[in-house]
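No lab work stands behind these numbers, since they all come straight from the coordinates. Note that the structure is predicted; figures quoted are calculated from it, not measured. Every residue, glycine among them, receives a Cβ derived from its backbone with ideal geometry; neighbour counts consider all protein chains shown.
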Amino acid sequence: MTRANNSSQPVAQAPMRKHSSLTRFLIARAGSITAQQMLMLAISWHMFDLTSSAWSLGLVGLFQFAPGLATTFVAGHCADRMHRGRIVAACLAAQAVTAALLAASTVTHVVTRDLLLGLSLVLGAIRPFQMSAQQALLPMLVPQNLLARSMALSTVVQQVCVIAGPALGGLLFAMGVNTLYLTCAAVFCVSAVMYAIIHYDYVPPPREPVTAQTVLAGLRFVWSNPLLLGAISLDLFAVLFGGATALLPVYAKEILHVGPQGLGLLRCAPAAGALCVGLVLSRRAIGSSVGKKLLVAVVIYGMSIAAFGLSRSFLLSLLLLAVSGGADTISVIVRQTLIQLETPDLMRGRVAAVNTLFIGASNQLGEFESGMTATAFGVVGSVVLGGFATVLVSLAWSHLFKPLAQRKTLQSQTAR
């Protein structure tokens, strides 16, 4: 594997200028995220068009989340045993087939609610394989000293696609749902080819029997490492308490009175803030005292969410959500970089699987927590309490996970 060197390349030089594999990775990632955003939009609209049922829409999300509980650890094991780029390529090819099946079933008028739910199960089972291999692949493509900035570039790509994907999907949907499905299939295929041709120093690991011990090794590794456990669990609880996304429709309609157009802007604001901060961090490394900066970023995230909960100004609300997105991006980049640096390559896939499970759980449980506390304390009370709870989590983690809080740099301190 290529590691950091002591060459005299300028620190400010963009990572992708010298690393063609990273360029392919980012382009392929942009295509895959855009296609996934469009496909989710199409399935949701198609489901509602067929059923006119909010319950059925909720089932789409549930059916995409539930299979991951069964496949996550197996996916991590595969990412540590097989060529990671080819795993991602295979997952994207399977999603292309899914989109093509949806197009064919629409043309032949055999698409049903059950078919959409069944294909949602397939997509949910595939996703852990893609995410585990994808997370573990990036550190193989750049020297260690460029990893944090490469993570920032990857975050920028993700946020751009999260903003642009649904918008492009909406335009294609206006031309017909078949056009959207076939476009998704084509983009998935192109991205799959690009992932398949990504080159890195792949050395097949020694053969060993597949047992519960080897499959769950990532979970044990994280549990025994206070820095990793602190980083991964910090994300779980920060998003669990501080996520306000599920309640944005209520704010748009009943509190800020801005309607569906305003709701769209509210949903885009965190991504816009994340994009701006990601662009800065892709050009300039975070530097020293990264543990403290991580915890401060989580505090800023929590305070901005609490302030958003109290805001009655639409412009101020947009600004606060953008600040929350920017702060969250700092947290994401520091945590993801530390996870990759402190995990041996032979374990990266399985540790990425644990991280994927925590992220999925925090998003799903966060929406449930928001609804539950909104019922008990009101919508404003739910958001404000959640923001302050996130601040308390950061303060608690500064004492519970000293290796994380005291981390100085984004450089590996683990012998390889």
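Would you work out if the range 130-170 is rounded, prolate or oblate? Take a ≥ b ≥ c from the square roots of the eigenvalues of the alpha-carbon gyration tensor; rounded if a/c is under 1.5, else prolate when a/b is larger than b/c, oblate otherwise.
Oblate, since a/c reaches 1.5 and b/c is not below a/b.
Peptides 159-170, 177-188: what's the order by average Cβ count within 10 Å, highest mean first?
Result, highest mean first: 177-188, 159-170.
Highest mean first, what order results for 222-231, 342-351 on Cβ atoms within 10 Å?
Result, highest mean Cβ count within 10 Å first: 342-351, 222-231.
Going toward the positive end of the dipole of the range 16-200, with +1 on Lys and Arg Cβ and -1 on Asp and Glu Cβ, which of TRP55, VAL110, LEU180 do you reach last?
The residue sitting most towards the positive pole is LEU180.
Taking 1 over the mean of 1/r across every pair of different Cα atoms in the range 63-193, what Kirkwood radius in Å do you get?
16.2
If you wrap a convex hull around the alpha carbons of the range 216-411, what volume per residue comes out, as a whole number of Å³?
Output value, Cα hull per residue: 111 Å³.
Using Cβ counts within 10 Å as a stand-in for footprinting exposure, how do SER282, SER105 rank, fewest first?
Starting with the residue having the fewest Cβ neighbours, the order is SER105, SER282.
Give me the dipole magnitude in Debye, nearest 20, for the range 16-200 about the Cα centre, with unit charges on the beta carbon: positive for Lys and Arg, negative for Asp and Glu.
Once rounded to the nearest 20, the dipole reads 660 debye.
Counting alpha carbon pairs within less than 8 Å and at least 6 residues apart, what relative contact order, in whole percent, applies to the range 216-411?
Reported relative contact order: 42 percent.
What order, most packed first, do the peptides 38-50, 67-79 have when packing is the mean number of other Cβ atoms within 10 Å of each residue?
Descending mean neighbour count gives 67-79, 38-50.
Please express the Cα-Cα pair-distance distribution P(r) of the chain as a list of whole percents, one per 20 Å bin, running from 0 to the bin with the greatest distance.
For the chain, the binned pair fractions read 26, 60, 14, 0 percent.
How big is the dipole moment of the chain about its Cα centre under a simple scheme where the beta carbon of each Lys and Arg is +1, that of each Asp and Glu is -1, and everything else is neutral? Debye, nearest 20, please.
1240
Between GLU254 and SER224, what is the label-point separation in nm under the 7 Å Cα-to-beta-carbon projection?
Here the modelled spin labels are 5.0 nm apart.
Which of the helices in the chain meet the span-like rule: DSSP H, Cα axial reach of 20 Å or more, Kyte-Doolittle mean at least -0.5?
The answer, listed by residue number, is 20-51, 54-81, 84-107, 113-137, 147-175, 177-196, 226-242, 259-283, 290-310, 314-341, 348-377, 379-400.
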